[in-house]
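Worksheet for the structure shown next.
The values are calculated or read from the model by the stated rules, or taken from the named source; none is laboratory data. Just so we're clear, the structure is a prediction, and the values are computed from it rather than from any experiment. Methodologically, a virtual Cβ is constructed for each residue, glycine included, from the backbone with ideal geometry; neighbour enumeration extends over all protein chains shown. Areas reflect the complete protein model, heavy atoms only, side chains present, ligands, DNA and RNA absent. Shrake-Rupley method; radii C 1.70, N 1.55, O 1.52, S 1.80 Å.
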Amino acid sequence: MRIECPFCGERDVSEFAYLGDAGYRRPPADSQGLAERFYEAVYLRENPAGPHQELWYHAAGCLSWLRVTRNTRTHEIIAVGLATQAPGS
Amino acid sequence: MRYSIFSLLRQALAGHRGWEPAWRDAEPKPAYDVIIVGGGGHGLATAHYLAKVHGITDVAVLEKGWIGLGNAGRNTTIIRSNYLLAGNNPFYELSMRLWEGLEQDLNYNTMVSQRGVLNLYHSDSQRDSYVRRGNAMRMHGVDAELLNARDVRRMLPFLDFENARFPIQGGLLQPRGGTARHDAVVWGYARAASGRGVDIVQNCEVTGFLREGGRIVGVRTSRGDISARKVGMAVAGNTSSVARLAGVRLPIESHVLQAFVSEAVKPLIPCVVTYGAGHFYVSQSDKGGLVFGGNIDGYNSYAQRGNLPTVEDVCESGMALMPAIGRVRILRSWGGIMDMSMDGSPIIDRTPVEGLYLNGGWCYGGFKATPASGYCFAHLLARDEPHEVARAYRLDRFAAGRLLDEKGQGPQPNLH
Ligand SMILES: Cc1cc2nc3c(=O)[nH]c(=O)nc-3n(C[C@H](O)[C@H](O)[C@H](O)COP(=O)(O)OP(=O)(O)OC[C@H]3O[C@@H](n4cnc5c(N)ncnc54)[C@H](O)[C@@H]3O)c2cc1C
Ligand SMILES: [Zn+2]
């Protein structure tokens, strides 16, 4: 598996650290049912078999956080962007 | 047919032409009392104990491929009950006791070998944490012995004791731990369950659930609809996918774990050894192959194969621990998909959907749990209440903050 970092180019996966599902959103402090929403954000995962948006950190490179779309069935990397970019853009 | 020395002799005299298939490859009926989804070790064990302990025999185990082709047939066969937490220890000790009587119970040679599991320590602080674990085990009535370097040297003289960075100071030994033959466990449970009337249906993938009101009343499968009073999931790495068919989201990620086996060599490693300074563990199969592995690759995966950085990491750790392993050639490597839960511990519980029961989140340690998992899941399915030793494995523990985090890693599945 190789990830094409926007800064460093195509690099071996061993240079990157994996955080997981990029869908994590911290619930706003004034949201309804806060405990339930925190439970969902911290613990529940979609865990799809297929394309998955996930966060990787280029730890042995430029230290950027990346948003990677990867097929969990084949390990094919479909798209790579900066973590700060909105999904899909 | 009961297996015994007499049946063997009779068959030997008859030229071995009278053996019957060990279990019945059944056609699905339209309805059952209980359906178990997944014909791995856990699903088949559940069916066996449902029939044997609770007298519920109108049961089908539905397997999408062939039984035992999932993790049950891919794991490195280590069994142990060296757990720290009070929520875990009695469960794994029940499993160990069931292992100890399994061959008599199933009338099948599952090759349970209590050769000992040794966890090495390489620093004072690691020793202290093993002392704590060993004491917790002994307080639960589980065997544990702290060894110093001299003791370990006697058992495993070929390890790199004087390693400059991670010298071996000793280890925590569970003498009753060891290995069992994974395929035989699958076949033994299948045979015992089938003998009591359970239908084992292969090439039957569950693709959806039948509902009446909110309740689950059966499953849609690749071989037609089948109704059931209760449906239990035991699908290991596919837990999230199957639960999603019922609209249930879970605190689980699927990850790939790799394992390796070398060419056969003469008896070398008398027990199971785990390296305390890296991700590596090894034992020797009865055929002579060194069976070893390390950590999960660390990213979500359903691919049943891993990547090279993990292979490299495992081999490097192996070389650091026992340099002699460098002379042995690797025969095969493979991967399996495990359902890593958010606290590294399993779930055996009802789901929010009436009629649907969950057995999952076994991470990379579910083989040793097979007997107790089946025992406790059968208890839950039969009586609608958790078995005493599985009380901590509730699905609501995440929301309630009662996590069972042996390693203290927090909700990050690839760290457990
Ligand atoms: C490489 C490796 C090494 C391991 N080493 C150890 C070890 O040393 N000790 C230990 O204790 N544990 C170990 N484990 C973990 C252990 O193997 C698993 O936790 C355990 O086997 C999971 O339970 P199971 O046997 O029921 O799973 P499986 O055998 O995977 O059974 C699940 C079954 O469900 C079926 N299924 C999935 N979806 C559907 C569907 N929709 N419809 C019908 N059927 C379906 C699958 O085909 C599969 O056969 C290891 C795992 C791996 C991969
Ligand atoms: Zn980079």
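What number of residues in the range B:307-323 are within 19 Å of B:SER285 (Cβ to Cβ) and within 14 Å of chain A (Cβ to nearest Cβ)?
Selection size over the range B:307-323: 2.
In the range B:364-397, which residues are closer than 15 Å to B:PRO251 by Cα and either touching an Asp or Glu at 6+ places or on another chain (Cβ under 7 Å) or of a type in the set (Val, Ile, Thr) (or both)? Walk me through how you get there before you give the answer.
From the range B:364-397, those closer than 15 Å to B:PRO251 by Cα are B:393-397; that's our starting set.
B:TYR393, B:ARG394, B:LEU395, listed by residue number.
Condition test on B:ARG132, is it assigned to a strand (DSSP E or B), open to solvent by 80 Å² or more (accessible area, probe 1.4 Å), at pLDDT 95 or above and over 21 Å from B:PHE367 (Cα atoms)? Outline the logic, then answer.
On the way: assigned to a strand (DSSP E or B): no; open to solvent by 80 Å² or more (accessible area, probe 1.4 Å): yes; at pLDDT 95 or above: yes; over 21 Å from B:PHE367 (Cα atoms): yes.
No, not satisfied.
If I go through the range B:190-201 residue by residue, how many of them are within 13 Å of ligand 1 (Cβ to nearest atom) and either at positive phi or out of contact with any Gly (no Cβ under 7 Å at 6 or more places or on another chain) (or both)?
Step one: of the range B:190-201, the residues within 13 Å of ligand 1 (Cβ to nearest atom) are B:190, B:200-201.
Checking the rest, the ones that are also either at positive phi or out of contact with any Gly (no Cβ under 7 Å at 6 or more places or on another chain) (or both) come to B:190, B:201.
Number of matching residues: 2.
So, A:LEU19, is that one within 16 Å of ligand 2 (Cβ to nearest atom) and more than 9 Å from chain B (Cβ to nearest Cβ) or not? Explain how you work it out, then say what you get.
On the way: within 16 Å of ligand 2 (Cβ to nearest atom): yes; more than 9 Å from chain B (Cβ to nearest Cβ): no.
It is false that A:LEU19 is within 16 Å of ligand 2 (Cβ to nearest atom) and more than 9 Å from chain B (Cβ to nearest Cβ).
I'd like the residue in the range A:56-89 that is within 13 Å of the chain's Cα centre (by Cα) and buried (at least 18 other Cβ atoms within 10 Å of the Cβ) and, out of all such residues, is nearest to ligand 1 (Cβ to nearest atom).
So in the range A:56-89, the residues within 13 Å of the chain's Cα centre (by Cα) come out as A:56-58, A:64-72, A:77-88.
Keeping just the survivors that are buried (at least 18 other Cβ atoms within 10 Å of the Cβ) gives A:56, A:58, A:66-68, A:70, A:72.
Working: A:TRP56: 23, A:HIS58: 28, A:LEU66: 28, A:ARG67: 28, A:VAL68: 24, A:ARG70: 20, A:THR72: 15 Å.
In this case the residue turns out to be A:THR72.
Which residue pairs have Cβ atoms under 7 Å apart, sit 6 or more places apart or on different chains, and have a first residue in the range B:344-358 that is charged (D, E, K, R) and a second that is in a strand (DSSP E or B)?
Final answer for the pair search is B:ASP349/B:LEU358; B:ARG350/B:TYR357; B:GLU354/B:ARG215; B:GLU354/B:ILE216.
Look through B:GLU162, B:GLU205 and report the one residue that is surrounded by fewer than 19 Cβ atoms within 10 Å (Cβ to Cβ) and within 16 Å of ligand 1 (Cβ to nearest atom).
Details: B:GLU162 fails: within 16 Å of ligand 1 (Cβ to nearest atom).
One residue alone meets the criteria, B:GLU205.
Find all pairs meeting these conditions: Cβ atoms under 8 angstrom apart; at least six residues apart or on different chains; first residue within the range A:1-29 and more than 17 Å from A:GLN53 (Cα to Cα); second residue within 9 Å of ligand 2 (Cβ to nearest atom) and polar (S, T, N, Q).
A:PHE7/A:SER64
Could you list, ordered by first residue, the pairs with Cβ atoms under 6 Å in which the first is in the range B:124-151 and without any contact (Cβ under 8 Å) to a residue 12 or more places away in the chain and the second is crowded, with 18+ Cβ neighbours inside 10 Å, at least 6 apart or interchain?
Between residues of the range B:124-151 that are without any contact (Cβ under 8 Å) to a residue 12 or more places away in the chain and residues that are crowded, with 18+ Cβ neighbours inside 10 Å, the close pairs are B:ARG138/B:ALA144.
Quick check on this structure: which one of B:VAL242, B:VAL235, B:VAL256 is among the hydrophobic types (A, V, I, L, M, F, W, C), at the interface with chain A (Cβ under 10 Å from one of its Cβ atoms) and within 9 Å of ligand 1 (Cβ to nearest atom)? Give the derivation first.
Values: B:VAL242 fails: at the interface with chain A (Cβ under 10 Å from one of its Cβ atoms); B:VAL235 fails: at the interface with chain A (Cβ under 10 Å from one of its Cβ atoms).
The conditions single out B:VAL256.
Go through B:GLY408, B:GLY326 for me and flag whichever is without any contact (Cβ under 8 Å) to a residue 12 or more places away in the chain, part of a loop (DSSP other than H, G, I, E, B) and away from every other protein chain (no Cβ under 14 Å).
B:GLY408
Could you figure out which of (1) surrounded by fewer than 18 Cβ atoms within 10 Å (Cβ to Cβ); (2) among the polar types (S, T, N, Q); (3) touching a residue at least 60 places away in the same chain (Cβ under 8 Å) isn't true of B:THR179?
(1)
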